[in-house]
Each structure stands twice: as C-alpha cells, then as structure tokens.
Amino acid sequence: MRVITGSARGRRLRELEGMETRPTTDRVKEGMFSILQFDIEGRRVLDLFAGTGQLGIECLSRGAAEVTFVDRRGDAVRLIRENLRVTNLEAGARVIAGDAMEYLRTAKQRFDLVFLDPPYASGLLETALEEIARIDILSPHGIIVAEHPADHVLPVLAPPYRLHRVYRYGKIGLSVYHRGANQENEEQRS
C-alpha cells in the first residue's frame, strides 16, 4: 500500500494485521482519486472508519487543507498516527479514537469530502449516509464517496443530496453522492 501522488508520493504505508480491516485495493483507490482529482486541494476531508488512514493520507499528500480521521479501534488509531509520521503529513491531520456514528452526531464542522468505508457486513454504511444527510455536515457542493460490494444498492438520500454516479471495479462499488448548493449561496452567485 503506497501513496499514489503528491508530496508523499511512493511512500509505503503500514497495514493493520488480521482480517477485520480491509484496505481499499490499489485499483479502486486509483479509480477513486481519478474521479476526485480536482476536488481535493484546499478541502476539508473526513475519513470515517479510517482503518489505515490511506484515503485521508492520499488527500493530504494531494494538498487537502485538513483531514479528520475517525476509527474506534485503538490499533488503527496508532497506525494512522504512524502512517502520518512516515509521510510527514501530521500538520494537517486530526486523529480521533472513537465511534464513527457518535462522532457524526457531535461534529461541529462541515466537510467538503467524506470517505465512507466501514466493514461491509456491519450495516454502518447506510446508517452513516443517512446520518450525514440528516445532520447535513457537508459543505455546499460537497462529495461523499462510499465503498461497498458492487452488487449492493445504497439508499437514495433526501435533497440537497443526490446519488451522482456508481462506479464498479470488479467486486467493489463506489457510490458518489453530491450535495447541492444552499439556495442563498446560489442567489449570491447570480
């Protein structure tokens, strides 16, 4: 597992041992960042269910303003911090040890980009999507990227959220949701 591009390009990241955490494959990660390549620099990112931290670290390497990593496992939190040290990307990172759903309920800031990649069989993906839409923590024109089994259909979210597109990489699917603008923001632009 390596950082694809940016300031930490080519740096190898450590992985968690065991089968509880399933890192995003290189093929899916490359596809994901090809989709997002113009939506990262200067943005605030949330890597929920962060695992190794590889998605948020890739964003920091590509110029994200800040990334918040959230994971409930102590070994994952320690590994994220270690991977941030190895890549020299600690300055823009905030690592939170705790429950992802509890974090969402107490989040005080808005994010421009959110990654969701919980354990597939946990049911947490749908719950997290619905909670994000309910509490509306995405900035206008924000993006959610949800990784899931390719044959799994994710829910439709209430406006201003909409499913933009579903990408398939073998057995893995990426559902990309966009948040529309606030009415007042659109009126100010006109």
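The values are calculated or read from the model by the stated rules, or taken from the named source; none is laboratory data. Here the structure is a predicted model, which means the values were calculated and not measured. In this analysis, Cβ positions are derived from the backbone assuming ideal geometry, glycine residues included, and neighbour counts consider all displayed protein chains. Each accessible area value is taken on the protein alone, full model and side chains, heavy atoms only, with ligands, DNA and RNA left out. Shrake-Rupley method; radii C 1.70, N 1.55, O 1.52, S 1.80 Å.
What the phi angles of segment 41-52 give under the Karplus curve with 6.51, -1.76 and 1.60, with θ = phi - 60°, is a coupling list of 4, x, 9, 9, 10, 10, 9, 7, 6, 5, x, 7 Hz, glycine and proline written as x. Taking the square roots of 5 times each eigenvalue of the Cα gyration tensor of segment 1-52, largest first, gives ellipsoid semi-axes of 20, 14, 11 Å.
At full extension, VAL153 and ASP26 could sit 43.4 nm farther apart than now, given 0.36 nm per residue minus the alpha carbon distance. Shown here for segment 107-167: trypsin sites (Lys or Arg not before Pro) in loop regions (DSSP other than H, G, I, E, B) with at most 16 other Cβ atoms within 10 Å, namely LYS108, ARG110. Each residue of segment 158-175 is assigned a 3J(HN,Hα), and the resulting list reads 5, x, x, 8, 8, 6, 7, 6, 10, 10, 10, 10, x, 8, 10, x, 10, 9 Hz, derived from the Karplus form 6.51 cos²θ - 1.76 cosθ + 1.60 (θ = phi - 60°), x at Gly and Pro. Take the Cα radius of gyration of segment 1-104 and divide it by 2.2 N^0.38 Å, N being the number of residues; the result is 0.97.
In this simple spin-label model, placing a label point 7 Å from the Cα along the Cα-to-Cβ direction at both GLU130 and SER34 gives a separation of 3.4 nm. Cβ-Cβ distance of HIS164 and GLU102, R₀ of 41 Å, FRET efficiency by 1/(1 + (r/R0)^6): the value works out to about 0.90. Say the dipole of the chain comes from +1 at the beta carbon of Lys and Arg and -1 at that of Asp and Glu; which of PRO23, LEU154, TYR177 then lies farthest toward its positive end? Positive-most Cα among the choices belongs to PRO23. If you look at the Cα atoms of the chain, you get an Rg and a Dmax of 15.7, 53 Å. Summed over the residues of segment 62-190 and divided among them, the accessible surface reaches 50 Å² per residue at a probe radius of 1.4 Å. Of all the accessible heavy-atom surface of the chain, with the other protein chains kept in place and a 1.4 Å probe, what percent is carbon and sulfur? The C+S portion of the solvent-accessible surface of the chain is 47 percent.
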